[in-house]
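The values are calculated or read from the model by the stated rules, or taken from the named source; none is laboratory data. Fair warning: this is a prediction, and the values are worked out from it, not measured in the lab. Positions of Cβ are generated from backbone atoms using ideal geometry, with glycine treated the same way; all protein chains shown enter the neighbour counts. Ligands, DNA and RNA are stripped out before the accessible areas are found, and what is left, the full protein with its side chains, is counted by its heavy atoms. Shrake-Rupley method; radii C 1.70, N 1.55, O 1.52, S 1.80 Å.
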Amino acid sequence: MPAIEEAQITKYLSKYKNVAATRKDVVDVITAYRSLTYNLEKFVFNDGSVKDLFALQGTIPVVYKNNTYYIPICIWLMDTHPQNAPMCFVKPTPTMQIKVSMYVDHNGKVYLPYLHDWQPHSSDLLSLIQVMIVTFGDHPPVYSKPKEQVAVPYPANSYMPQPGGAGASNQFLPYPNASGASGGSFPPYPTGGANIMPYPPAGGQPGSSGGYPPYMNYPQPGYPGSIGYNPASAGTPSSTGTITEEHIKASLISAVEDKLRRRIQEKVNQYQAEIETLNRTKQELVEGSAKIDAIIARLEREEIELQKNIAVLREKEEELKKSLESLENAEAIDPDEAVTTTAPLYRQLLNAYADEAATEDAIYYLGEGLRGGVIDLETFLKHVRQLSRKQFILRATMQKCRQKAGLAG
């Protein structure tokens, strides 16, 4: 596709949420079906709201009873494409009439299981059109309007069948039957009636007029031009104007092969998407399993450490119980004998320190008694003088002991 055309598509899709995926979908469809055109148009929803949506319009080739018909359709892409399924409509020309069925309503809206089961990651427009082609081949969505006029032989330059007269059949067929009236260069085409078939094929000659324009440049593998009724070749001397069983058999075989090929491809794509999903799920499960194994190993190590700590705590608990029992059974301890020294010099230092501390406390409480009025000043001075003298002697004794013991000053 030319870069200008891709740029135009990108411009139309600028307001879409998934521009890249939508552009790829559109480019694939336009490349495969050149009869489809695109544009950005306004779409009116049922609630009256209006939104600019990307639309694909044109014809798609539908094979019905060994003849190719070109059905006009329109596909609207939601601005959330491909998260939401597109909206599809059949757009009949003035010479067509919508044939209501389980797949098409009276407004031309298309209902397909493929649209109902739309998957954002596996469904695409190209597969949707292929499903429409197969479905419309079984259930034609339109038929040509009958004309009130005398029947004439089916002309080579007309896209529309000519209605028959009094002795004609009561049904349109995509091709004439082998038991029709003889005597002319063309077999007579059956007339239209209550049961009208789809829009006839674009098989006319270049000089034809009227009807919907034929689908251009669309290859039809498995449907050679020699199969079926060809008005242009009916007048040649070698033509019998009939369809043989070999033609019908070859046509049916090719039609079935083509239909099976498309459906198999759809199934293959669907299963491939499912396999990819399962592979991703498998990878996630493997990674999750590795994480779980690591967590289990760490918990086992912590459990072993916890068991060791519990054993240590139980040992310490037993030691504490034994210590408590020994203390309960032991005799009372004399506070004066609780602290012992290794030498008499240290004992003298300890006793002098204790006496000095007691003297310091006595002086403090004498001061408190004086402030509280418990003792008078004379009594306070008397006792303080005595205690101060004693405190001086004790401090001198401690200093002497520390010097003798070689302790720091």
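With a requirement of 1 or more residues that are among the small types (Gly, Ala, Ser), the strands (runs of 3 or more DSSP E) lying completely within segment 42-90 that satisfy it span 50-64. Does Asn107 qualify as being under 35 Å from the mean Cα position of the chain (by Cα) and polar (S, T, N, Q)? Spelling it out, Asn107 is indeed under 35 Å from the mean Cα position of the chain (by Cα) and polar (S, T, N, Q). Checking each residue in segment 99-109 for being among the aliphatic types (A, V, I, L, M) and either surrounded by fewer than 18 Cβ atoms within 10 Å (Cβ to Cβ) or in contact with a helix residue (DSSP H, G or I) (Cβ under 7 Å, 6 or more places away or on another chain) (or both) picks out Val100, Met102.
With respect to the conditions (1) at pLDDT 85 or above; (2) more than 37 Å from the chain's Cα centre (by Cα); (3) not β-branched (Val, Ile, Thr), Gln149 falls short on a single one, namely (1).
Looking only at segment 323-360, residues that are surrounded by 10 or more Cβ atoms within 10 Å (Cβ to Cβ) and not hydroxyl-bearing (Ser, Thr, Tyr) come to 15 in all. Within the bounds of segment 400-407, is there any residue that is among the charged types (D, E, K, R), assigned to a helix (DSSP H, G or I), open to solvent by 60 Å² or more (accessible area, probe 1.4 Å) and touching an Asp or Glu at 6+ places or on another chain (Cβ under 7 Å)? No, segment 400-407 contains no residue that is among the charged types (D, E, K, R), assigned to a helix (DSSP H, G or I), open to solvent by 60 Å² or more (accessible area, probe 1.4 Å) and touching an Asp or Glu at 6+ places or on another chain (Cβ under 7 Å). For the residues Lys404, Lys322, Lys316, Lys390, the requirement of being touching a helix residue (DSSP H, G or I) at 6+ places or on another chain (Cβ under 7 Å) and at pLDDT 90 or above singles out Lys390.
Listed here are the residues, each with its yes/no results for (1) touching a helix residue (DSSP H, G or I) at 6+ places or on another chain (Cβ under 7 Å); (2) at pLDDT 90 or above; (3) of a type outside the set (Gly, Ala, Ser).
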position: Ala202; (1), (2), (3): no, no, no
position: Ala232; (1), (2), (3): no, no, no
position: His247; (1), (2), (3): no, no, yes
position: Ile253; (1), (2), (3): no, no, yes
position: Val286; (1), (2), (3): no, yes, yes
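Contact map, segment 325-351: first residue assigned to a helix (DSSP H, G or I), second residue open to solvent by 90 Å² or more (accessible area, probe 1.4 Å), Cβ cut-off under 7 Å, separation 6 or more or different chains; pairs are Leu345/Lys404.
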